[in-house]
Protein chains: 4
Amino acid sequence: MQSSRLEAFSDGVLAIIITIMVLELHAPDGPTLHDLWKGAGQSLLTYLLSFVYVGIYWNNHHHLFQVVSRVDGLVLWANLHLLFWLSLYPFTTSWMDAQDLARVPTIAYGVNLIGAAIAYSLLVLAIRRLPSGAHIGEVFGSDWKGKTSIALYAVGIALTFVVPWVGVVPYVAVALLWLIPDRRVERWLQRHDQVPTG
Amino acid sequence: MQSSRLEAFSDGVLAIIITIMVLELHAPDGPTLHDLWKGAGQSLLTYLLSFVYVGIYWNNHHHLFQVVSRVDGLVLWANLHLLFWLSLYPFTTSWMDAQDLARVPTIAYGVNLIGAAIAYSLLVLAIRRLPSGAHIGEVFGSDWKGKTSIALYAVGIALTFVVPWVGVVPYVAVALLWLIPDRRVERWLQRHDQVPTG
Amino acid sequence: MQSSRLEAFSDGVLAIIITIMVLELHAPDGPTLHDLWKGAGQSLLTYLLSFVYVGIYWNNHHHLFQVVSRVDGLVLWANLHLLFWLSLYPFTTSWMDAQDLARVPTIAYGVNLIGAAIAYSLLVLAIRRLPSGAHIGEVFGSDWKGKTSIALYAVGIALTFVVPWVGVVPYVAVALLWLIPDRRVERWLQRHDQVPTG
Amino acid sequence: MQSSRLEAFSDGVLAIIITIMVLELHAPDGPTLHDLWKGAGQSLLTYLLSFVYVGIYWNNHHHLFQVVSRVDGLVLWANLHLLFWLSLYPFTTSWMDAQDLARVPTIAYGVNLIGAAIAYSLLVLAIRRLPSGAHIGEVFGSDWKGKTSIALYAVGIALTFVVPWVGVVPYVAVALLWLIPDRRVERWLQRHDQVPTG
């Protein structure tokens, strides 16, 4: 099976996830800057964080399927599994935000981030099994970024037991780590001179 | 007419259905695990169930249109009819959840599931009429899975008259039945060595 | 310019319009059939009506762009104009529904329907100007369906001045009129044996 | 990398932004024209303004990627940056509307408009760096429209310090400025006789 429709569906789901989080941004009750900060300041920051995360996943997903063009049923489900975890971002973001970065909601957000990261790794594994995915290892190497991210999420969860809001620091660090564009796929495509057709 | 735009539109609708159900997941009122469980535990489970259902339909829809590439007006309407039933999932899910799996809402959810299953069968029939859909029977065989599902939904509805929440058990069984990837389309495509162009 | 991205964007907007109307379907307050009917019965019917309308526009839009493949800036704006009117459906539907088919909201719904119908006609005119749209007249003939629809909407608005809810009858009639699949495009494509490339 | 998936994802996000603003249009509380005007009149006008803005960005985005077909990681992020600013439109629109065009919310809306305009300019710069984007300058010339827009937004923000609601006048002027179809891309495509493949 070709991967084009899987990509289109994932694009749709990611586009909606990224956008419905805006629905949680309620217009402040008053007309002053103070109202804006009090009513929506923290929400805007957590929205920005989750926007960046979904953006990162879209970016990685896009890169991943640049080098695979045929998929099977297991990959479809591994992809849906990833989308499930990502679809919980609006929920955990809004809980963490409404509870002012309290311990348990911040842990829940971290668990959500780890869940998505693991689901992404499983998706990569599901693709590697395929004949057309054999060069995935060659393209992405040891995937130190993915492993570091999961470790940082775990550090974040551990830190919430010291001071709850400090747990967010490693989460932000992971986002920054991925914001630096990943040139591995582009370099590989250049070396191979064209989009592989599986 | 080519089926590509029908697929794109269906992807859009399914992506939105799967995602707006998250809007029904309200952030719990307090910051503890107990609040999470009390405020959103059951909602998370019903969300998961409906997510899996929509995922199954997307998967099957995707497989179905792998083997058909030209459609007519009747197929367009049969497809919209299916999307209509699926679009009611967020509504019936949220009612069943808000009423804690009471009898009538659980029946309503089951009726919704049966409605979608029948609409899917009608879509398959509408496609079979087409010259390019003649091999559908060859690919999908007797469709025992589809027939078993409808029977299980009916069993679920009947069970709610004994103990309301028990009706959910067959609904979950159907979801598990379909989670096992369906290799029929892949096998057929392999035997025929390429995507048919109708 | 090619029309493919215009189609994809329109698909996205229509998919969202058709789906967010479900968000107006609030779960009934109690667990009985009576609650369902009282709390959501009429909403389900108006939802069905608007779902069918958006489905009709998607269908017609799909047929229209089967015979045009290149567009210009004016067509892009004529298309956005149509999408604007369609995007108001959730708003007018929900007002008419909340006010139990009172006179002014039912007129507002009718005005919305007429607005969309006129916007669609303007889109067809914008396409006819193009070299690749010259055969539109040949395909769609005198467009008696489009003209009849606008007349029926006007009749509906007039009838609300007699008995408000009676105005909905012609609206439903228009929906039924279009539900009968339109074979004109298919016949034309068959005669010309392939998708025109304009 | 090809730009097709970037376009599809952007289409999805823009389609959702344009549509979820409708969710802010609450059905008026009563059944009269007066209720409509009092309850939703101003909201309808601000919705129209934001709809036109998102329409303009979609239009320009569409034109821009007609002349580029390959992108890299930096362009993906520049595009996500633009989508972030656009995704805030529903939030700032609803605040400005709920506060009846008070000073600070009107400024916030203007800052949002400027942010999006600058993000768009950065996206154009990111594309110009690419081999396939070298002719962007040739197509769009000095981009006086983009520069004039940013200047008019600044004028609008300044005017709110005199009389708050007057600041909206230049915002509307920018929208009108862009509503006139931009023939530059079409002229260039005609001269070059085909869609460039970069």
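Which angle between 0 and 90 degrees, to the nearest 10, do you get for helix B:42-66 versus the longest principal axis of chain B when only C-alpha atoms count?
In chain B, helix B:42-66 runs at an angle near 0 degrees to the longest axis.
I need the phi-derived Karplus couplings for the range A:33-41: 6.51 cos²θ - 1.76 cosθ + 1.60, θ = phi - 60°, integer Hz, Gly and Pro marked x.
4, 4, 4, 4, 5, 5, x, 9, x
Grab the beta carbon distance between residue A:2 and residue A:38, set R0 = 30 Å, and tell me the FRET efficiency rounded to 0.05.
0.05
Can you show me the helix-derived [θ] at 222 nm for the protein assembly as shown, built from DSSP H runs with n ≥ 4 at -39,500 (n - 2.57) apiece and divided by the number of residues, rounded to the nearest 500. Walk me through the intermediate numbers first.
Values: 40 runs with 559 residues, N = 792.
Estimated from H runs of four or more residues: -23000 deg cm²/dmol.
Would you mind ranking C:129, C:191, C:103 so that the residue whose beta carbon has the fewest other beta carbons within 10 Å leads the list?
Arranged by neighbour count, lowest to highest, C:129, C:191, C:103 become C:191, C:129, C:103.
Per residue of the range D:149-164, in order, report the coupling 6.51 cos²θ - 1.76 cosθ + 1.60 (Karplus, θ = phi - 60°) as ³J(HN,Hα) in whole Hz, putting x for Gly and Pro.
So the Karplus estimates, Gly and Pro as x, are 4, 4, 4, 5, 4, 4, 4, x, 4, 4, 5, 4, 6, 7, 10, x Hz.
Shape of chain A from its Cα gyration tensor (a ≥ b ≥ c, root eigenvalues): rounded if a/c is under 1.5, otherwise prolate when a/b > b/c, or oblate?
Prolate shape, in that a/c is at least 1.5 and a/b is the bigger ratio.
Let me have the relative contact order for chain B, percent, based on Cα pairs under 8 Å that are six or more residues apart.
Relative CO of chain B lands at 24 percent.
With a ≥ b ≥ c the root eigenvalues of the C-alpha gyration tensor of the protein assembly as shown, is it rounded (a/c under 1.5), prolate (a/b larger than b/c) or oblate?
Details: a/c = 1.07, a/b = 1.00, b/c = 1.07.
Verdict is rounded for the protein assembly as shown.
How large is ³J(HN,Hα), in whole Hz, for each residue of the range D:98-111 in order, when computed from phi with the Karplus curve 6.51 cos²θ - 1.76 cosθ + 1.60 and θ = phi - 60°, using x for Gly and Pro?
Each residue of the range D:98-111 in turn: 5, 9, 6, 6, 5, 4, 4, x, 5, 5, 4, 4, x, 5 Hz.
Looking only at A:124, A:168, A:22, which one moves most when chain A is put into a Gaussian network model with springs between Cα atoms under 10 Å?
In the Gaussian network model the winner is A:22.
Rounded to the nearest 10 degrees, what's the angle between the helix D:73-87 long axis and the longest principal axis of chain D, both from Cα atoms, 0 to 90?
Approximately 20 degrees, to the nearest ten.
Only residues of the range A:84-102 count here: report those whose backbone N is under 20 Å from the spot 7 Å along Cα→Cβ of residue A:45, or say none.
In the range A:84-102, the label zone of residue A:45 (backbone N under 20 Å from the point 7 Å along Cα→Cβ) covers A:90-102.
Out of residues 5 or more away from residue D:2 or on other chains, whose amide H comes under 5 Å of its own, with H placed 1.01 Å from N in the peptide plane?
D:71
For the range D:1-76, just say rounded, prolate or oblate: build the C-alpha gyration tensor, square-root its eigenvalues into a ≥ b ≥ c, call rounded for a/c under 1.5, and beyond that prolate if a/b exceeds b/c, oblate if not.
prolate
For the range A:97-138 and the range B:44-101, write down the distance between their C-alpha centroids in whole Å.
What the calculation gives is 26 Å, centre to centre.
Nearest 10 degrees is fine. How inclined is helix A:4-20 to the longest principal axis of chain A, computing both from alpha carbons?
10 degrees
Read the figures in this text as sums done on the coordinates, not as results from a lab. Values in this document were obtained by computation on a predicted structure and should not be read as measured data. Please note: Cβ atoms are built from the backbone with ideal geometry, for glycine as well, and neighbour counts cover all protein chains shown.
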